[in-house]
Amino acid sequence: MEFGRALSQARNWMEKTVNKGETVVDATAGNGHDTLFLAGLVGAEGTVYAFDIQQEALDSTAERLGGADARIRLILDSHAEAKSYVEGPVGGAMFNLGFLPNNGDRSVVTRPESTVQAIHSLLGLLKTGGLITVCVYDGHEGGGAERDALLEYAARLHESEVHAARYELLNQTGRPPFLIVFEKKKEFSEPRMIG
Ligand SMILES: C[S@@+](CC[C@H](N)C(=O)[O-])C[C@H]1O[C@@H](n2cnc3c(N)ncnc32)[C@H](O)[C@@H]1O
């Protein structure tokens, strides 16, 4: 078993659980790396919904996609509204939190309430056995509050419905991201919360 960095480990898990032809979600399109990756996983018969609140990010994603095969829907709206756009079942979803890298506006960041709302909605749409991977950065302003909100949310999910795990490399320099991964264990339309 190879211990990948957070982003590559998220991809490893997606590769194991997403099938050709499925519908998947890139909740934070950014520069489109994960959208392109997901498009490759689902192939020509699959659909990728990619959300971002910045047109600049969707333009960058569209440019990266070039001739990608999958049906791709680029959506200029918050991932918190996923339910209004996405038809389930969803084979998997990826979040890469924080701000748009490479000269993006660093004041536009993912926020605790909308991130949690999006995960909550997508858990309902997810196939049984599907994963939601969330790459969490806590080094920027507001990142710590988002991390705490996510960990608190994850701990309140009922264990018979969802397994929530944290994955991180402990001996990395700087402030590397870590992953929170949600696995849907059985069918439900809205997760039950404890407490
Ligand atoms: C770290 S970047 C994503 C990087 C991307 N996965 C890639 O491969 O390049 C985070 C992105 O989330 C976007 N974002 C922030 N709040 C959002 C929201 N509520 N809904 C959707 N996207 C959001 C930002 O605009 C930014 O482009």
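If you go through segment 83-132 and keep only what is small (Gly, Ala, Ser) and more than 9 Å from the ligand (Cβ to nearest atom), you end up with Ser84, Gly88, Gly91, Gly92, Ala93, Ser107, Ser121, Gly124, Gly129, Gly130. Just one of Val90, Val109 is more than 13 Å from Asp26 (Cα to Cα) and either touching a residue at least 12 places away in the same chain (Cβ under 8 Å) or more than 15 Å from the chain's Cα centre (by Cα) (or both); which is it? The match here is Val109. Considering each of Gly66, Gly46, Gly32, Gly88 in turn, give the residue that is touching a Lys or Arg at 6+ places or on another chain (Cβ under 9 Å) and at positive phi. Within the list Gly66, Gly46, Gly32, Gly88, the selection yields Gly32. Residues in segment 1-25 that are crowded, with 17+ Cβ neighbours inside 10 Å and aliphatic (A, V, I, L, M): Ala6, Leu7, Ala10, Met14, Val18, Val24, Val25. If I filter segment 26-42 for residues that are surrounded by 15 or more Cβ atoms within 10 Å (Cβ to Cβ), within 13 Å of the ligand (Cβ to nearest atom) and among the aromatic types (Phe, Trp, Tyr), do I get at least one hit? Checking segment 26-42: at least one residue is surrounded by 15 or more Cβ atoms within 10 Å (Cβ to Cβ), within 13 Å of the ligand (Cβ to nearest atom) and among the aromatic types (Phe, Trp, Tyr). Set side by side, the residues Thr61, Thr47 differ, and just one is farther than 23 Å from Ala165 by Cα, buried (at least 20 other Cβ atoms within 10 Å of the Cβ) and either over 17 Å from the mean Cα position of the chain (by Cα) or more than 12 Å from the ligand (Cβ to nearest atom) (or both), which is Thr47. Among the residues making up segment 1-23, those that are hydrophobic (A, V, I, L, M, F, W, C) and either in a helix (DSSP H, G or I) or without any contact (Cβ under 8 Å) to a residue 12 or more places away in the chain (or both) are Met1, Ala6, Leu7, Ala10, Trp13, Met14.
Could you tell me whether Leu150 is under 18 Å from the mean Cα position of the chain (by Cα) and either at pLDDT below 95 or farther than 18 Å from Asn12 by Cβ (or both)? Taking the combined requirement at face value, the residue satisfies it. Inspect segment 22-37 for any residue being over 15 Å from the mean Cα position of the chain (by Cα) and not aliphatic (A, V, I, L, M) and give the result as yes or no. So far as segment 22-37 goes, yes, one or more of its residues are over 15 Å from the mean Cα position of the chain (by Cα) and not aliphatic (A, V, I, L, M).
The values are calculated or read from the model by the stated rules, or taken from the named source; none is laboratory data. Being a predicted model, the structure only gives us computed values, none of them experimental. As a convention, Cβ positions derive from the backbone with ideal geometry for all residues, glycine included, and neighbour counts pool all protein chains shown.
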